[in-house]
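What follows is a single structure, written as structure tokens, with notes after it.
The values are calculated or read from the model by the stated rules, or taken from the named source; none is laboratory data. This is a predicted model, so every value here is computed, not measured. Heads up, the Cβs are rebuilt from the backbone with ideal geometry, glycines too, and the neighbour counts pull from every protein chain shown.
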Amino acid sequence: MPNGNLKLAIQKSGRLTEKSLQLLKTCGLDVENYKDRLFVTVRNFPMDILFLRDDDIPEYVQNGVADLGIVGENVLLEKRSVVDIAKKLGYGRCKLRIGIPEYEELENIEGLNGKTIATSYPNIMQSFLNENKLDSRVIQISGSVEITPSLGIADYICDLVSTGTTLQMNKLKKSFTILESEAVLIKYKELEMNNEKAEIFSNLLARIESGLNAKNSKYLMMNIPKNSLKKIVEIIPSLKSPTVLSLADENMLAIQSVIPADKFWEINEDLHNEGATDILLLPIENIIL
Ligand code: ATP
Ligand code: ZN
């Protein structure tokens, strides 16, 4: 099995799987249908993909069994593995939060003193307590942490929370955030010792960066009255100067620009007010800076 290919470990089946495969696709990588396989070779790039449980990924990358991995920061910090973070990937965002019984109040973090906290993240929780000089008892539970307060095992919990519905079902509510997490690309510390792999990695990283840039940007096109040009250029939040093209109707101009994807709905109305028409907003596949 050992070949010169770069080995990337991703979650086999879970919340990060789809988005990670999507990211590889954006990078132009042709990953064959992976169903039920632990290992696939990318058809058009010197890379193999390993499908693992997310909890195992940091250790595989620490040991260099995998050169790279994609994993949540929550898992990475909990495992305390020694790896480099090569890139934050912007998906799989979640918060590790304290949950408390719904009828209790926790005004400030000092309220954690003397309490018992159940969590599947004992290392992250303990580091937080140490950093804040708090004295609580941490008990490690794997799975269904939310039921521990009602069973009298713990006063509070610390768990990944998104909507809070699971908390509510267990008569708990959200309190402080301990950690904000997103998916990250991690790298074996000694990957660059291997020249061949270092080169493949730098190619991959450039593709990932251009894919991430493109995802956060949109291509904006519209027609505007010639006399609105100055105002419209001020409205458009582009980094570079927009492209201005003439039209057959000499009172009109066509404008094209790359803008941050989340800004469009903020400027749409202003553009209309300045007489912009035929506004098109298009996805961008890649941006090579
Ligand atoms: P595995 O079988 O691989 O061990 P898992 O059940 O531990 O999977 P998932 O629930 O699939 O893990 O979550 C994977 C990662 O997705 C989490 O570690 C976290 O980084 C991220 N994530 C994003 N949103 C959420 C959420 N709402 N709840 C839990 N995890 C989330
Ligand atoms: Zn897991």
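Annotations for the structure displayed:
- Residue ID - nearest to ligand 1 (Cβ to nearest atom), chosen from residues in the range 1-27 that are closer than 10 Å to residue 48 by Cα and buried (at least 16 other Cβ atoms within 10 Å of the Cβ): 9
- Matching residues, the range 86-98, being within 23 Å of residue 31 (Cβ to Cβ) and part of a strand (DSSP E or B): 86, 87, 88
- Scoring residue 143 on the criteria (1) part of a loop (DSSP other than H, G, I, E, B); (2) modelled with pLDDT of 95 or more; (3) small (Gly, Ala, Ser) leaves a single failure, condition (2).
- Search result, residues across the range 1-22 that are under 17 Å from residue 61 (Cβ atoms), touching a residue at least 12 places away in the same chain (Cβ under 8 Å) and more than 16 Å from ligand 2 (Cβ to nearest atom): 5, 6, 7, 8
- Residue list for the range 193-227, restricted to those being surrounded by fewer than 18 Cβ atoms within 10 Å (Cβ to Cβ) and touching a helix residue (DSSP H, G or I) at 6+ places or on another chain (Cβ under 6 Å): 198, 216
- Filter result for residue 109 (surrounded by fewer than 18 Cβ atoms within 10 Å (Cβ to Cβ), out of contact with any His (no Cβ under 9 Å at 6 or more places or on another chain) and in contact (Cβ under 8 Å) with a residue 40 or more places away in the chain): yes
- Among (1) in contact (Cβ under 8 Å) with a residue 24 or more places away in the chain; (2) in contact with a helix residue (DSSP H, G or I) (Cβ under 9 Å, 6 or more places away or on another chain) - the single one residue 241 does not satisfy: (1)
- Hits in the range 48-89 - residues which are on the phi > 0 side of the Ramachandran plot and within 16 Å of ligand 2 (Cβ to nearest atom): 80
- If the condition is being at negative phi and loosely packed, with under 11 Cβ neighbours inside 10 Å, then the range 263-281 contributes 265, 269.
- Whichever residue in the range 37-58 is buried (at least 16 other Cβ atoms within 10 Å of the Cβ) and in a helix (DSSP H, G or I) and, among such residues, is farthest from ligand 1 (Cβ to nearest atom): 58
- Looking across the range 228-250 at every residue that is in a helix (DSSP H, G or I) and surrounded by 10 or more Cβ atoms within 10 Å (Cβ to Cβ), the one that is nearest to the chain's Cα centre (by Cα) is identified as 235.
- For the range 28-60, the set of residues classified as touching a Leu at 6+ places or on another chain (Cβ under 7 Å) and hydrophobic (A, V, I, L, M, F, W, C) consists of 31, 38, 39, 42, 45, 47, 49, 50, 51, listed by residue number.
- Qualifying residue in the range 190-212 (condition: part of a loop (DSSP other than H, G, I, E, B) and closer than 24 Å to residue 58 by Cβ): yes
- In a residue-by-residue description of the range 128-142, the property of being within 23 Å of residue 69 (Cβ to Cβ), of a type outside the set (A, V, I, L, M) and exposed (fewer than 12 other Cβ atoms within 10 Å of the Cβ) applies to at least one position.
- Residues (part of a strand (DSSP E or B), farther than 18 Å from residue 37 by Cα and more than 7 Å from ligand 1 (Cβ to nearest atom)) located in the range 59-76: 68, 71
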